[in-house]
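This report refers to the structure that appears directly beneath it.
Throughout, read-outs are computed from the coordinates displayed, never taken from laboratory work. Bear in mind that the values here come from a model prediction, so they are computed numbers and not experimental data. So basically every Cβ, Gly included, is an ideal-geometry build from the backbone, and we count neighbours across all protein chains shown.
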Amino acid sequence: MNTDFCVGCNSSNNMPSCGVAKIATKINLKDFLNNNFDYSVLYPVCPKNALNIVNGRITISNECISCNLCVFSCDQNNSQPPILIDDFKVLENLFLTNIILRLQLDLPIAIEVKADGNYREKRIDVAIQKDNKVYLIKILSNKNRLNYYLRSYTDIVNDISSIYPNYIFSPIILTSQKVFDTITENAEYCFTLRTLIELIEGE
């Protein structure tokens, strides 16, 4: 990777935004909708932990895989290069999925969100809000349980829609391109990272 973009910020002992993202997790849906939550959980941006602080400055080690996440996250960098990382690897890590979606969409996002109503014991993998639209997202690693999770998330949507009538909730199945290409049933609810971002940006 060409590291010329990095000016090696003087960071003392605190990793800047290119290295650490703030995440919201394990909150109630009500708090999410009311914006009554904090991005208080810190998680490394780099999937290879290639960013380090050496003598008070940021350095990039040889473990770098040129995914561009740190470039995209950097407060001092105005460019938005493509994020080059396999979507299957991203979706294996809920925190990394959160980071990429938040970087790309710049919208309220939380993971492991506790549902309300009759489904309050269930947790939603990812919740994204854009105006009055709320996307409740299940990450699926294979299609074997597609119908089960779609039914489960649809039931959650039907239940909470009566509690929050001012919002439009959508159940979403998020999966890798490889899995998506094999789905023939209920494909209209299924998205890859790219197509989900395009959907939300277009609405």
Worksheet item: Can you give the direction-averaged projected area of the convex hull of the alpha-carbon atoms in the chain, in nm²?
Response: 12.0
Fill in: Radius 10 Å from Cβ of Leu94, net charge of other residues (Lys, Arg +1; Asp, Glu -1)
-3
Worksheet entry | Relative counts (whole %) of C-alpha pair distances in the stretch 98-203, using bins that are 10 Å wide | 14, 50, 33, 3
Practice prompt. Would you tally the net charge around Asp106, using a Cβ to Cβ cut-off of less than 13 Å, leaving Asp106 out, and scoring K and R as +1, D and E as -1?
Written response: +1
Worksheet entry | Under the span-like rule (Cα at least 20 Å along the axis, Kyte-Doolittle mean at least 1.6), DSSP H helices of the chain | none
Worksheet entry | Listed residue pairs exceeding 27 Å between alpha carbons, taken from Lys114/Lys178; Lys89/Lys143; Lys48/Lys130; Lys48/Lys114; Lys26/Lys178; Lys30/Lys89 | Lys114/Lys178; Lys48/Lys130; Lys48/Lys114; Lys26/Lys178; Lys30/Lys89
Worksheet, complete the sentence: Once Lys and Arg are counted +1 and Asp and Glu -1 for all other residues with Cβ under 14 Å from that of Ala187, the total becomes -2
